[in-house]
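Working notes, beginning with the structure itself.
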Amino acid sequence: MKTDFSSRLTSLQKRLRRKKYDALLVTEPFNRRYLSGYTATDHGISETAGVLLIPATGKPCLLTDSRFVLQAEEEAVGFEVVLYPRGLAPLLKKNLPRLGIETLAFESQYMLHATVGRLQKTLADVGVRLVATTGMIEQMRLIKSEDEIGLLKRSVLRNEQVFSLVYNTIEPGMSEREIALALELTMHELGAERPSFETIVAFGENGAKPHAVPGDRILKSGEIVLIDMGLVLDGYCSDMTRTVVAGKPDAIYLERLRVVRQAQLAGIRAIRAGVTCRQVDLAARKIIDDAGYSKYFGHALGHGVGLAVHENPRLSSRSRQKLKSGMVVTVEPGIYIPGWGGIRLENMVVVREDGAEVLNEDTTGLNL
């Protein structure tokens, strides 16, 4: 599937001209990949694999160092690849005046304050003004194309395939860490680039921690097993949570599972273009509240997924943002009771004009 990066660049350049910016410096890794197809990863925010210089008109550039030049030339088709042997700031100082760039926008949410300070000092000498921006490319990424939705669907189904293979091996005596490692190893064996986040496996009362870290705890018969997992395939993320029992579930577990499942279904039914994130969250939350578990569901109902596993929009009771067709979100209600454990069920859905399209096909533990 060939991505049309040129249309994304054209759209961004129109935005730059409307805002009267001469160029944008793109440093956020997912935004960099979205615009160029360049897949190199940063080693933290302070060590970049390269930045994009997108002029309001003209050919874009990918600025990097010698470690990444071959990869950049192979992947960033349509970009001029420029090396900075002495660092980014000296290169910009030399080239921006030549390109007629006087106003340079930058991504304020992904550039260190110290870096901005150095750039301001360096570029002031050649009359270039830095302007902070937020969310310009993230706004473009909110609405997924049908090609992107197809890639997300593939990622979801591959994630389910991994889950199914490992789920069938789970038995008492295994540790949380052992299962998490098996899941991540299987992801790689089935062609994933990497997990989209650190896999969560929690037994028993550890499930009361929404972001539990797998440890050495050994699974006992009858215990709850909560698994939250996702992988990256062709750049796009998946995110799924299943909660099951090692053995026969008791009546309390079944009652609470049904509450969470009904909350998830209520949230999914509420999703359609034009509805606010708040309305969707509250539709699911009402089911949990009415069942008497309101204080045990503290997080938002869901979040956007795309190149990053956590994107906008946020299905939160505080968000009045309206959903639009083509957005992809998780729906993941939960109940977390200290000393007992937790239940979370998570599927990914596409917002459509007339409702929600569920991308998941796995039903493990959903309808007990």
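Below, the figures for the structure above:
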item	result
Filter result for Tyr34 (among the aromatic types (Phe, Trp, Tyr) and modelled with pLDDT of 95 or more)	yes
Scope region 277-306; condition within 15 Å of Thr330 (Cα to Cα), outside any helix (DSSP H, G or I) and open to solvent by 10 Å² or more (accessible area, probe 1.4 Å); matching residues	His299, Ala300, His303
So Leu257, is it touching a residue at least 24 places away in the same chain (Cβ under 8 Å), under 21 Å from Leu157 (Cβ atoms) and crowded, with 22+ Cβ neighbours inside 10 Å	no
Residues within region 52-71 that are part of a loop (DSSP other than H, G, I, E, B), open to solvent by less than 50 Å² (accessible area, probe 1.4 Å) and either more than 25 Å from Thr3 (Cβ to Cβ) or without any contact (Cβ under 8 Å) to a residue 24 or more places away in the chain (or both), tallied	1
Residue within region 327-334 that is under 20 Å from the mean Cα position of the chain (by Cα), surrounded by fewer than 16 Cβ atoms within 10 Å (Cβ to Cβ), outside any strand (DSSP E or B) and among the charged types (D, E, K, R) present	no
Inter-residue pairs, beta-carbon under 8 Å, first in a helix (DSSP H, G or I) and in region 159-176, second among the basic types (Lys, Arg) and open to solvent by 20 Å² or more (accessible area, probe 1.4 Å), 6+ apart	Glu176/Arg217
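Results for (1) within 16 Å of Ser36 (Cβ to Cβ); (2) part of a loop (DSSP other than H, G, I, E, B); (3) within 21 Å of the chain's Cα centre (by Cα), shown as yes or no for each residue.
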| residue | (1), (2), (3) |
| --- | --- |
| Glu73 | yes, no, no |
| Arg86 | no, yes, no |
| Ala89 | no, no, no |
| Gly117 | no, no, no |
| Val131 | no, no, no |
| Arg154 | no, no, yes |
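The values are calculated or read from the model by the stated rules, or taken from the named source; none is laboratory data. All of these numbers come straight from a predicted model, not from anything done at the bench. Every residue, glycine among them, receives a Cβ derived from its backbone with ideal geometry; neighbour counts consider all protein chains shown. For accessibility, only protein heavy atoms count, side chains too; no ligands or nucleic acids. Shrake-Rupley method; radii C 1.70, N 1.55, O 1.52, S 1.80 Å.
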